[in-house]
Every structure is written in C-alpha cells, then in structure tokens.
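Beneath this line is the structure, given in structure tokens, with notes to follow.
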Amino acid sequence: MKKIFLTLCIFSLWAYNAYSQKALKSFPFSINGTLKENYEEYKAGTPIQLCSFLKFAKDDNTGEFSIGIVINNTQIAVPYSQLGILNLELNDNDSFWEYKALQNDLYTRLIYKGYQYDLRQDLKEESTDYIRKMGKERLLYEDPYIEDYVNSIFTSVIYQKFNDKRDETLKVYILKSPTPDSYMQPDGSLIVTTGLLSVLDSEEELTAIIASEVAHHVLDHAVINVNKQISRERAAIFWGSVAAGVLQAGEEYLMDKNQYYVPGTATVAVALVSAAIVDKMSQRMGMTYSSSQEKIADRCAMEFLSMKKMDPSALPSALSKIKKYFIDHKDYYALSKYGTYAEFDKRINRLGEYHEFSSHSYQKAISGVNTFNAIIQIDGKHYANAAALVQKNVDQKVATDGDLVILAKANMGMYNTEEKNQESLALIQQAKSMTGVPNLNTDKQEILALLRLKKQAKAASALQEYIDHLTGFQDQTRNTDDATWASNEITWAKELLQRVNIM
C-alpha cells in the first residue's frame, strides 16, 4: 500500500485537495505498541503509536476507513482491516476501552450514523428522571459505606476520558431488589441491585459484572437497540402504571397488614416494584441485549480482567451464581431475560473453565446487604431464602444480632418441632447477649418462641419487658407513624399478657 504522510494539519487540508477527498470524521488516540508482524519495510517489533481513526472518501457513501500510526516519527495510514497487525500496550482503563470501541466498530458506526445528539439527550433526561423518581419512592439502597464500597470497584473499571464526545457522567446506584441484576443506562448510570451484591462472593466477580456492563455502554449497545421514538408522554405513562402503587404499599399499609413489621425495615412491596422497574427500564431503554452483544461484552470484560491482572474466570463464576439464584428461586421469568437455560449455559461454557470465587473481605463488606435482602424475603414469607442469606453471614463469621433474629424467625416460619424451636430461642438469646441496646424485633420474636415452647411464665416476663421498651420508644420518637405503630404494639402485648396469665 502506498504510504500517505499524515499530520494533524494535513488532515484539515484534505477537503481542498485536487481529488475532492475529505476526512469526514476522525478520532484521536495516543496508545503505544509495536508491530506484530512485518508491514511494508517495517519489521515486526518496531515501536509504533496509534494516533487516529478516520475515513477518506469522495462522497458520504464510499471510501476507506484507516488508522493513523506513527513509526519512526512518520505518520502513515494503515487500512482499518489490518488493525490486527498492531500489538498495543493497553495498560490503563482509558486506552483499553478506547481500543475496544475501535476494535468493535463503534467509531465506524458514529461516522455513518452521527452522534444522534437529540436521541442521546432524550435518553439522558429520561435516565435522570428515573433515578430521581427511584430516590423519591425510596427504591434506592442508601448506606454510605456500601455505596462507597461499590463505587470504589466501579471507578476501578470505568474510564476517565473517552474520545467519542458523549456528554455523560459515569456513576453508580444501588437498587433495593433481592433479584440479582445490573444494567448501565445510556446516560452512564450503572444500576446494581442488592440481590446481585448478595449473590456474588468476591470483588473479582463484581468487577467482572461491572466490566461487562461498561462494555455494553462503551459500545453503545443501548443506543443501537433503543426505540428512537421515545416521548415524555410514554415516560409519564410508564411511571404512572409501574410506580404509582409504591406509596400505597408504604409504611402505613404495612403496619396494618404485617404482624412482624418494624419501622424502617425493608418491605416486599419495594422489592416487587424495584423488580418491575428493572424489567421495564431494560426493555424501554435498549438494555435487552442480543446474544451477539452479550458475547462481545463478555469478551471485553474478560480481557479487562486480564489487563488488571485479575482472573478472567471471575465472570463465568459470577454468571453461574446468578443463574443458580434464578433456578433455586424458580424465577423463570427473570431467567428468560437471559434466554433459555441452554443459552445461559452456552454463554457460561463459552467463557471456559472456572472456579468459584470467595473472599472474606467482600463478604464482610456486603454482610449488611445480605441482612437487608433477608428482611425483604422474611416480609414476603420466603423463609428458606431469608435463612440462606443470613447463613452466608454466619458462615463468614460476620453475623450481627439482627441476623440471628432473622434466622430464628425463618426457622419458626418453616418448622414447628421441639428441636427447631429450642434452636430458635437459643439464637434469639444469643442475639440479646451481643448488644445491650433493646431491640423491639428481638423482644417480640423471643415472646413467640417462648410461647411455642409453652414457657408461659418466661413469656409473661418477656411481654412486660417488651411493653416497657415500646413505651420508651414511643416517648422518644417524633415520627407519627412510628408512634402509632408502637401504640398498636403496646395494645397487642397487653392483651396477650392477659391471656398468658390466664393460661
């Protein structure tokens, strides 16, 4: 191929040359590397720098895509089809993701389709509106430590700058939902569910899942997939139908319907609405990916892990745990988003052999999320699911007094044998010994366990203690709903105490 000497100033003059050629679009790079093989008179191993991607054309429909490289202080154009002759040093996030975009035809598509700024602005505004409404409806998990922990992993994956001119701010949010899921909105917002954090067992696995989502975002898969006729009217209809019931299923409703309700705990209603929103948003904003897009994103994620000196098998390990969750919970609808069982298996098998990851530091950090998800499962009377989540904390030796009470409640929800009832009471008493601060939920569960074991005298004593703690709580709270709840509980406890004394 004839060499074409290029400089940045020459790029700007091509529009005026004798052949009416012009550089329609160009994208700058600055990635060092070497030649993998001989190219023209240059030998394999010769140092190079990738400096640009561009298209030369006589009109908008014909021409050749080229990559600009610098060899021995000389810039030359190499056909884009020969990108594989370069061995580039992808040793930082920015160069890695820029190269993946180049390798997977993002810049080619942008040259043909343009940036579609109007579409991107619509998606950005709608994404921002979704996040705002999720916060307003209390669907976002807010714990400064967990938020910072997840964000620290997110920032280790994302790029700081990108050369495709997208107007975005990369950020991460945690959604209250026990179902393991994640998706990256077109505006750069990564959503991960509390369920995903609980299903995984290591930072490597979470890094792998995040890298796969970032790959979808970098390669513009959502914009490629999305319906270009998004309207604000449709967005209003969406929120009216999906999220309108959240407030009606709030704390006031739960105080009337849920005998185990404690102010401030997670609710099954929130989990159901969150799951519905994840599903609807994924479809609406182009985040239901094709098998081809999943394959590309998975490959990018594994290559990213390798670049970071992490074990690439963390990705299939994470995916296998997500699949296991869906099967164990018989959540066939959620699993269908990933295709048939065979397709999910094919995706995992394609990634190669793997071992399961586990990290005590990760489990310790996420232990509070496991507890949160267990409360959601208890509220929904999914006792085995709640017990399994808490058992992870017990096994990792990071269980709190609240975890032990949840485990006792789950046992009592599933069994009514002398052995299990004694085990539940022992868990409750262990929980009480772990803290000197009264816990209303612990008090109530102890009462129920004692009554099951027909220990009326001890149950009466526990009821009086519960009434005293409730009275103190009622005197201190400034929240009307909490005060109402405490009043109802005092009435329940006093009536039960009378019946116990009669027995």
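The values are calculated or read from the model by the stated rules, or taken from the named source; none is laboratory data. Worth saying up front: this structure is predicted, and the values here are computed from it rather than measured. Backbone-built Cβ (ideal geometry, glycine too); neighbour counts: all protein chains shown.
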For this session: Could you run through the stretch 430-447 and say how many residues are buried (at least 21 other Cβ atoms within 10 Å of the Cβ) and of a type in the set (A, V, I, L, M)?
Result: 2
Exercise. Does Ala44 satisfy the condition of being of a type in the set (Gly, Ala, Ser), outside the structural domain of Glu303 (by TED's automatic domain parsing) and at pLDDT below 90?
Worked result: no
For this session: Tell me, please, whether a residue that is under 15 Å from Asn370 (Cα atoms) and among the small types (Gly, Ala, Ser) can be found in the stretch 192-200.
Result: yes
Problem set entry | Verdict on Ile85 being of a type outside the set (Gly, Ala, Ser), under 30 Å from Ser202 (Cβ atoms) and touching a strand residue (DSSP E or B) at 6+ places or on another chain (Cβ under 9 Å) | no
Exercise. So how many residues does the stretch 166-180 have that are assigned to a loop (DSSP other than H, G, I, E, B), modelled with pLDDT of 90 or more and charged (D, E, K, R)?
Worked result: 1
Exercise. How many residues does the stretch 118-165 hold that are assigned to a loop (DSSP other than H, G, I, E, B) and in contact with a Pro (Cβ under 8 Å, 6 or more places away or on another chain)?
Worked result: 1
For this session: Kindly indicate whether any position in the stretch 152-160 is free of Cβ contacts under 8 Å to residues at least 40 places away in the same chain and surrounded by fewer than 21 Cβ atoms within 10 Å (Cβ to Cβ).
Result: yes
Problem set entry | Selection from the stretch 180-205 of residues that are over 16 Å from Glu168 (Cα atoms) and of a type in the set (D, E, K, R) | Asp181, Asp201, Glu203, Glu204, Glu205
For this session: Mind counting the residues in the stretch 430-445 that are among the β-branched types (Val, Ile, Thr), under 20 Å from Ala486 (Cα atoms) and outside any helix (DSSP H, G or I)?
Result: 1
